[in-house]
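Read-outs: derived from the displayed coordinates by stated rules, not from any lab. All values reported here derive from a predicted model rather than from experimental measurement. Quick reminder, even Gly has a Cβ in these numbers, built from the backbone with ideal geometry, and neighbours come from all protein chains shown.
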Amino acid sequence: MIAAEGLSFSYPRREVLRGVDLQAPHGQVLGLVGPNGSGKTTLLRTLYGSLRPDGGAVLIDGDVVDRLPAREVARRVAVVVQEVAGDLPLLVSDMVLLGRTPHRSGFGGARRTDEEAAAAALRRVGMLGKAHEPFDGLSGGERQRVLIARALAQEATHLLLDEPTNHLDVRYQHEVLDLARSMAREDHRTVVVVLHDLNLAAHYCDNVLLLDGGSVAAGGTPEDVLTPEHLEPVYGVRVRSVPVDDGFQLVFRPARAGAATAPH
């Protein structure tokens, strides 16, 4: 489990997070949603120790992140960031082998166990057939699957993803999030994902944390959080929830002329 207690964080002259609490248990997907500038990515970075909070604490399975050695954090937490340079001179297999770094000692090369773990991870995401192709020759969706394979090879019990569907077409958006959800449910991992698309969050997340101006506006199941009552004042648009076979779909409309919206 990843837990945050009273997190606050500020950049120079700008407060970004204020008193944020969250719990992300094993076996579930927690979605972080909110408008641009609401603090989603900053919150994610504090969860894996890239940013040190000004107040509060992040705990991984009960241990405070700031007190853990970096190698131990890397063994427990795998991160898939929003953008990875596409011109890295690496084969797909080499990219995935980078996930084995926390398990190696010294500067030795990949061991047989590392190569087996990398191959198993690529097979899991359907990319084993491209193991010897250049990473920079892949499509956006394929790159994301390779990066998730790298996280799988890392054998971490917690997976954090920063907008993994950004710039992907509809098919790859669903493939990537379906894969992330399977890692939570089948492998009993903790998965925390930053998402812009609220309908994807509704479909793939077990719980959602709605951020607004660095504070938690609402938290709970998608059915409880992604409602017109919570979303309209945060996003400043009209929202309608439409029942569908496997849940609900959100429909958005511009705010009515002259209607008051919440300040950000």
Which one of 49, 109, 137 has the biggest mean-square fluctuation once the chain is modelled by GNM with Cα springs under 10 Å?
109
As an exercise, take the mean of 1/r over every pair of distinct alpha carbons in the range 95-138, invert it, and state the Kirkwood radius in angstroms.
11.2
I want to check the label-to-label distance for residue 221 and residue 36. Put each point 7 Å from Cα in the C-beta direction and report it in nm to one decimal.
3.4
Add +1 for every Lys or Arg and -1 for every Asp or Glu among the other residues with Cβ under 11 Å from the Cβ of residue 168, and state the total.
-2
Roughly what would the spin-label model give for residue 13 and residue 229, points 7 Å off Cα along C-beta, in nm?
4.0
PRE zone check, label point 7 Å out along Cα-to-Cβ of residue 174, amide N under 17 Å, scope the range 121-159, hits 141-142
Which of these values of percent of Cα pairs over 30 Å apart was calculated from the structure shown: [x] 36; [y] 31; [z] 51?
[y]
Along each of its three principal axes, how wide is the spread of alpha-carbon positions in the range 154-237, in whole angstrom units, largest first?
39, 26, 22
Quick one: Debye curve from the alpha-carbon atoms of the range 101-248 only, equal weights, vacuum; give me log10 I(q)/I(0) at q = 0.09, 0.12, 0.16 Å⁻¹ to two decimals.
-0.36, -0.61, -0.94
Here the FRET efficiency for residue 246 versus residue 81, based on Cβ atoms and R0 = 22 Å and rounded to 0.05, is 0.15
Helix 112-124 axis, angle to the chain major axis (alpha carbon atoms, nearest 10°):
40
Using only the Cα atoms of the range 1-137, what are the Rg and Dmax in Å?
17.7, 50
Cα gyration tensor category, rounded, prolate or oblate, for the range 120-189 with a/c compared to 1.5:
oblate
Rounded, prolate or oblate: pick one for the range 207-247, where a ≥ b ≥ c are the square roots of the eigenvalues of its C-alpha gyration tensor, a/c under 1.5 means rounded, and failing that, prolate if a/b is larger than b/c, else oblate.
oblate
Would you mind ranking 157, 221, 46 so that the residue whose beta carbon has the fewest other beta carbons within 10 Å leads the list?
221, 157, 46
